[in-house]
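See below for the structure under consideration.
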Amino acid sequence: MASALLASSTTQGSPNFDRVVFVDVSKHFGRHRALAHVSLECGTGEVLGFLGGNGAGKSTLLALAATMLEPSAGHIRYGGRSAREQGSSLRGNIGLLGHEVQLYPELTARENLEFFAELYGLDQVGDRSSEALRHAGLSSRGDDLIGGFSRGMRQRVALERTLLHQPRLLLLDEPFTGLDEGASSALVERLEALKRDGRIIFLTTHDFEIAELVLDRAMLLRAGRLLPFSQTGESLRARYLDAMRSELKPGRAE
């Protein structure tokens, strides 16, 4: 999914926007309902998180935000304009990091970054790759093969690859999965810096402790629907459990 987004993106004339808005968005695949009547808004410098089990619709929501899928109903607006109105250059302002890091193990970290920078049509490829390695904390490992990197190191390189073209909207699908404590802490710090830089960030996660650290707001998806979910009060885990208990009460309509 991320590769298709990258291959069709461009940094030339990419539109800017200060918020992303879903208006009554639904997505169906045949008879299967992946998302139903989702409305939300996320603005500059905000991390909006999506919680929910497997099959809840989180990855579908990110694919819609990335313009990889089109809504079956409703619409998505980027700074007041739809993806169709913005045109294909909109993708030049979107960065998507999926479950798979999608790096080439037979290439070095630097070669991977330079390759993707060229695909983005960027100039000063060498300087950009060096800066990306610095942000990843891997300047001394730039000429080592990705195949020898730990999961956390590969994830850091993949995130910087996603940021090479400086997208306004950053979409992260379970970015903390498989990371050790040190790698998770480094990613939290990087996300905080991106917030300060004014990025709009959508993030899916199963990790409540991490979510408490990085999310400004959280939304709960179940079977493609957004459930009522308190933004204040108890811990995120407690609020999640309360929402799920309310949803699963006997006699509640699906």
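Things to note:
- Each 10 Å bin, from zero up to the one with the longest distance, holds this percent of the alpha carbon pairs of the stretch 135-188: 22, 55, 22, 0.
- Label-point separation in nm, residue 145 to residue 248, each point 7 Å along Cα→Cβ: 4.6
- Estimated purely from DSSP H runs of n ≥ 4, each contributing -39500 (n - 2.57), the mean residue ellipticity at 222 nm for the chain is -10000 deg cm²/dmol once divided by its residues.
- For 116, 29, order by how many other beta-carbon atoms lie within 10 Å, fewest first: 29, 116
- Residues with amide H under 5 Å from that of residue 217, placed H, sequence gap 5 or more: 47, 49
- At 1.306 mPa s and 10 °C, Stokes diffusion of the stretch 83-144 via Kirkwood alpha-carbon radius, µm² per second: 122
- Hydrodynamic analysis of the chain uses the Kirkwood radius over alpha carbon pairs. Inserted into Stokes-Einstein at 37 °C and 0.692 mPa s, it gives a translational diffusion coefficient of 174 µm²/s.
- Its residue count N sets the reference 2.2 N^0.38 Å, and the alpha-carbon radius of gyration of the stretch 53-105 equals 1.30 times that reference.
- Taking every DSSP beta bridge that has both ends in the chain, the antiparallel portion is near 50%.
- Backbone amide hydrogens, once placed in the peptide plane, bring residue 19 within less than 5 Å of 79, excluding anything fewer than 5 places away on its chain.
- Sites residue 32 and residue 241 - FRET efficiency at Förster radius 30 Å, r taken between beta-carbons, to 0.05: 0.65
- Acute angle (nearest 10 degrees) that the helix 181-196 long axis makes with the longest principal axis of the chain, alpha-carbon atoms: 80
- You can think of it this way: the chain between residue 174 and residue 232 has 18.6 nm of extra reach, that is 0.36 nm per residue less the Cα-Cα gap.
- For the stretch 182-254, the C-alpha radius of gyration sits at 1.30 times the compact-globule guess of 2.2 N^0.38 Å, with N the residue count.
Where a number appears in this text, it was derived from the coordinates with a stated rule and is not lab data. Being a predicted model, the structure only gives us computed values, none of them experimental. Note: ideal-geometry Cβ built from the backbone for every residue, glycine included; neighbour counts use all protein chains shown.
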